[in-house]
Amino acid sequence: MKILAINSSFRGNKGYTKFLIDKIFKGAKDEGAECESINLAELHINHCIDCQSCQTEEHFLKCIHKDDADMVFNKMRQADIIIFATPIYTLDMSSLLKTLFERYYYNCKIGEFNITNSGLFFHHVDTSLCSKPFVVLITCDNMLKETTHTTIEYFKIYAKFLDSKIAGILVRKQGTVVGHGNKPEKEKAYPIIYDIYDAYYNAGKELAAKGFITKSTENRANRLIFKVPFYLKYLLRFAHFRKKAAQRYEMIMDTAIHR
């Protein structure tokens, strides 16, 4: 079993995204998997400029750019499972990952159309590249579901159009509260994080042994460190409560940052 993680954090090896990838890899390696991580921030990958050269007879399925895209795509073809790992930047995935996806174009025969397994009308794709089972790993500081909604929905649609299978969706929110994996003293204040990290380890073991992450492990991994009271959304309709809630949240985050 070969598992490839594509880390699209601009922090590379220093970020929380890589920290969580390593948790998954520890479990996967203990089950005998071969694991590799790529930091897109360390590579040079140009934007697709829609020049259409890759669809001409002279340069068919070859890109005019000379960069690291081919190297990444070849590693993806060799992998059994891919982990698409991204922080949330401005309510969406990292631009590094989106840029990589847009470069799929030169691997596709745009003039050839097919019906996907889910019944969607779409052009040809290179299934050895685009249709691998994948895990989505998302990190962010905000606790609200709206923060990650766009990215999660993107990958659900991605799977339908590219005939690929989602092997798991891991969403790690409230990273600031526990110091993004770099401040053990913060983690001690929220011991639930240790069980969450253990769930990431189990996720790796399951990927290596079964090819997917079970729902029970996914649910353990995706728990919030602390929750907002369910009745708060009703109180927030009133300006007075919104101001008080914002002040309270600011205090909580300030305490977490400086603890």
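FYI, it's all coordinate maths here, none of it is from the lab. Just so you know, these numbers come straight off a predicted model, no measurement behind them. Backbone-built Cβ (ideal geometry, glycine too); neighbour counts: all protein chains shown.
Numerical summary
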{"quantity": "Asn219-Lys156 FRET efficiency (beta carbon distance; Förster radius 25 Å; 0.05 resolution)", "calculated": "0.90"}
{"quantity": "Mean Cβ neighbour count within 10 Å, used as a protection proxy, ranking 168-180, 205-217, 185-197 highest first", "calculated": "168-180, 205-217, 185-197"}
{"quantity": "Alpha carbon convex hull of the range 11-139, volume per residue in cubic angstrom", "calculated": "129"}
{"quantity": "Selection from Thr151, Ile138, Val178 lying farthest towards where the dipole of the chain points positive, charges on Cβ", "calculated": "Val178"}
{"quantity": "Whichever aspartates and glutamates have a C-alpha closer than 18 Å to that of Lys210, once near sequence neighbours (fewer than 8 apart) are set aside", "calculated": "Asp30, Glu31, Glu34, Asp80, Asp198, Glu218"}
{"quantity": "Average Cα contact separation per residue, the chain, under 8 Å, 6 or more apart, as relative contact order %", "calculated": "21"}
{"quantity": "Unsatisfied cross-links (Cα-Cα over 18 Å) in the set Lys2/Lys132; Lys23/Lys165; Lys145/Lys173; Lys2/Lys23; Lys23/Lys132", "calculated": "Lys23/Lys165; Lys23/Lys132"}
{"quantity": "Dipole moment magnitude, nearest 20 debye, the range 132-209 about Cα centre, only Lys, Arg, Asp, Glu C-beta charged", "calculated": "140"}
{"quantity": "Paramagnetic reach from Asn117 in the range 51-80 [backbone N under 13 Å; point 7 Å along Cα→Cβ]", "calculated": "none"}
{"quantity": "Cβ crowding within 10 Å averaged over residues, with 62-75, 108-121, 41-54 ranked highest first", "calculated": "62-75, 41-54, 108-121"}
{"quantity": "Total charge dipole magnitude, the chain, about the Cα centre, Cβ charges on Lys, Arg, Asp, Glu only, Debye to nearest 20", "calculated": "1340"}
{"quantity": "Kirkwood-type radius of the chain, with distances r between different C-alpha atoms, in Å", "calculated": "19.8"}
